[in-house]
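Q: Sharing a structure here in structure tokens format.
Computed from the coordinates by the stated procedures, all read-outs in this text should not be read as laboratory data. Keep in mind the model is a prediction, meaning the values are calculated, not measured. Glycine gets a Cβ as well: all are built from the backbone with ideal geometry, and neighbour counts include every protein chain shown.
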Amino acid sequence: MTDTKPMTVRARMLPIQRLIIDDLDPSGFAQRLTEKLEQAPALFNRAPVALDVGAVLAELTDSTLQQMLDFAREQRLVVFALAGPKDALTPWCERFNLAWVDDKDRATRASKAEAAATGLETQVIRQPVRSGQQIYARGAHLLIMNQVSSGAEVIADGSIHVYGALRGRAMAGVQGDTLAEIVCQNLDADLLAIAGNYQVRDDLNAESSRPTRVRLENEQLVIEQF
């Protein structure tokens, strides 16, 4: 008889994107989701997603939920959970084999991420980040001593500092750290995100030639220029 090696289980908190559903019309949902993915494809690509259906529970049906799940998964979203009141959602989660998350879970993850961020190391990149490149400072802040080109993507569990022009996409605090910041000498980005809250180029009210600090306040990005 041979000894069976025990299975190893490691718990790790992942950043979860929440899609808030306020309208159960499947075609409307498909149109809005398509527009959102066109704005920020990197933010949702293969990321864990929870559908927040708390506002539409009274009208929710198996058919409409299945249609939303099918369309979201066709767009390569990894929908694994429903978000909202636990007691009301438990039967839905059981029928559709989904997990459940709520705002308390999100707040706990953010609190842990903020506490952990105080001890993060800093990953330093000295060369330009070129188009098509992706750099992820896992468990670290990201310091780029050069420019970030259009079409590049820089990601960090902590803050992102760029001592040059920031183009392309920058996502800070991706494990939920709401105290993370994005700082650069010149801002010309396609997308900025902190702890899953993002703005795209068309929404950025900023001058590209000025030093910029981006922070999060009440789940909204605040852009300060100097």
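Q: How about the stretch 122-170: which of its residues are more than 20 Å from Q39 (Cα to Cα) and acidic (D, E)?
A: Answer for the stretch 122-170, where residues must be more than 20 Å from Q39 (Cα to Cα) and acidic (D, E): just D157.
Q: Continuing with this model, one more query. Take the stretch 187-226 and flag every residue that is closer than 19 Å to D177 by Cβ and without any contact (Cβ under 8 Å) to a residue 12 or more places away in the chain.
A: Across the stretch 187-226, the qualifying residues are E217, N218, V222.
Q: If I filter the stretch 168-185 for residues that are in contact with a Lys or Arg (Cβ under 6 Å, 6 or more places away or on another chain) and either closer than 18 Å to E224 by Cβ or surrounded by fewer than 19 Cβ atoms within 10 Å (Cβ to Cβ) (or both), do I get at least one hit?
A: Start the filter on the stretch 168-185 by keeping residues that are in contact with a Lys or Arg (Cβ under 6 Å, 6 or more places away or on another chain), which leaves 176, 181, 183.
Okay, now just the ones that are also either closer than 18 Å to E224 by Cβ or surrounded by fewer than 19 Cβ atoms within 10 Å (Cβ to Cβ) (or both), so 181, 183.
So far as the stretch 168-185 goes, yes, one or more of its residues are in contact with a Lys or Arg (Cβ under 6 Å, 6 or more places away or on another chain) and either closer than 18 Å to E224 by Cβ or surrounded by fewer than 19 Cβ atoms within 10 Å (Cβ to Cβ) (or both).
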